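Okay, structure first, notes after.
The values are calculated or read from the model by the stated rules, or taken from the named source; none is laboratory data. This is a predicted model, so every value here is computed, not measured. Reconstructed Cβ throughout: ideal geometry from the backbone, glycine too, with neighbour counts over all protein chains shown. For the accessible areas, the whole protein counts, side chains as well, though only heavy atoms, and no ligand, DNA or RNA atoms are used. Shrake-Rupley method; radii C 1.70, N 1.55, O 1.52, S 1.80 Å.
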Amino acid sequence: MTLIPWKPVDSFLHNTTDPVLTSHRPCPVCGTDRPREILRLDDFQFFTDSATLPKRTTICEVQCAACYALYLNPAYTSRGFEVLFAEAGCSYGATEGRPQEQIRWLTEMGLLNDGSSILDVGCYDGRFLSLLPATVRRIGVDIDNPAIERGRALYGDQGIDLVHGDFNSFQLDRKPDTITMFHVLEHLPSPLATLKNLRNQGHENTSLVVEVPILENGFTNDINSFFSAQHMTHFSKNSLNNVLARAGWELAGQLEQSDYNGYRVLAKPAGTTSQANANPEDDTTLKNLLKHRRDAIDKAKANLATIGDAEKIVVWGGGMHTEFLYHLTDVFGGQHNRQFFIVDSDPLKQGKSWRGINIEAPESISKIDWTGANLLISSYGGQEKIAECADGMGVPTSVIVKVYETIRVY
Ligand SMILES: [Zn+2]
């Protein structure tokens, strides 16, 4: 029988950071440079250990003192994004989840009429465009060149035009009737510059559809809270409206989804641009959200206390959620002298380590003697599915530890 290589946390000593990963920026919404720090995690590690690549940086979330916009500062540079998110498992440009609902809505809004043209910004490999009617002229732009190349091979013969370009400077030879941007704007270092370029690439009646998660619907129970480390701006309704108005767009419609955090707006070209307004409600909502976050972390800590004196912990999940557990709870630290082992179904992580702890495929679980050991599920959205999986693999229910009592999407 193969022995499990149990390891203490932080037993790999060669992880580093590098200033090229991040850079300071003024408020991405109003341009003022008066950040107020609201959350900070030093030496945050992005996925597996590396002696050659700098995989750690400070995550600092700030509030703009002038307009109340929330943003990551410093922000990831393009090099930072490339190094830190290489193992994130999906391109940030990929359209999240709900293409059928999005297409129904675009159709109802009259934005997919025969002979019209649509530009998808952050199109990844063009998979969303490939689902739209062929009677619409379909164009996509993305900064991810390998994804564009793959998309051309996949969908080139369907008449879909895929363009590799920078969102702030790409140019089209024909102005689109509709521009879509689903869950992209929150990932960009300079959303204003992108929205200005879209204004210039559109005609006087172009419809712009933008969808982002918003602060108002960000009351998740996840210890990671609303402040996803993958998002560079954490929009509210007001800050989204502000950045649109500064770029020369005005609101023509809006839609909130009931079952997930996606706030969709329809914007039209405005005659002028206007400056950002501060809405004090954003400040109140932030204070409530930060309290909700502290409560969520306290509940997680209480659930983790059931681990008691267990000296061995198998962590199911070697992703960013485990890094948040490391920073926000004492499961890896404190007075404990624990030994760990991680399992994860993602082949990008298997055979590597996180903070010195080995990561293997979930099948390794069958080799474990559960005497004095617990299985800790480290995932928010995937918690219940992992619990079922572990149960199916014969892990005793009494050793399975969940971080969350309930999972809510927003
Ligand atoms: Zn601001």
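Computed quantities for the displayed model
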| read-out | value |
| --- | --- |
| Qualifying strands (runs of 3 or more DSSP E) (wholly inside region 45-163; at least 3 residues being within 16 Å of the chain's Cα centre (by Cα) and of a type outside the set (Ser, Thr, Tyr)) | 56-64 |
| Cβ-Cβ under 9 Å pairs, at least 6 apart or on other chains, region 307-334 side under 22 Å from Asp42 (Cα atoms) and touching a residue at least 24 places away in the same chain (Cβ under 8 Å), far side assigned to a helix (DSSP H, G or I) and open to solvent by 30 Å² or more (accessible area, probe 1.4 Å) | Leu328/Lys301; Thr329/Lys301; Asp330/Lys301; Val331/Lys301; Phe332/Tyr326; Gly333/Tyr326 |
| Test set (1) open to solvent by less than 60 Å² (accessible area, probe 1.4 Å); (2) farther than 21 Å from Thr406 by Cβ; (3) touching a residue at least 60 places away in the same chain (Cβ under 8 Å); (4) not polar (S, T, N, Q) - Pro189 fails condition number | (1) |
| Residue selected from region 11-56 under the condition of a type in the set (Phe, Trp, Tyr) and in contact with a Gly (Cβ under 8 Å, 6 or more places away or on another chain), by the criterion farthest from the ligand (Cβ to nearest atom) | Phe12 |
| Conditions (1) farther than 30 Å from Ser258 by Cβ; (2) part of a helix (DSSP H, G or I); (3) out of contact with any Phe, Trp or Tyr (no Cβ under 7 Å at 6 or more places or on another chain): number failed by Asn197 | (3) |
| Residue tally, condition within 22 Å of the chain's Cα centre (by Cα) and either assigned by TED's automatic domain parsing to the domain that holds Val212 or not polar (S, T, N, Q) (or both), over region 256-286 | 12 |
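Residues are listed down the side, and each one gets a yes or a no for (1) within 16 Å of the ligand (Cβ to nearest atom); (2) of a type in the set (S, T, N, Q); (3) open to solvent by less than 10 Å² (accessible area, probe 1.4 Å):
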{"site": "Asn238", "(1), (2), (3)": "yes, yes, no"}
{"site": "Val243", "(1), (2), (3)": "yes, no, yes"}
{"site": "Asn261", "(1), (2), (3)": "no, yes, no"}
{"site": "Asp298", "(1), (2), (3)": "no, no, no"}
{"site": "Ala305", "(1), (2), (3)": "no, no, no"}
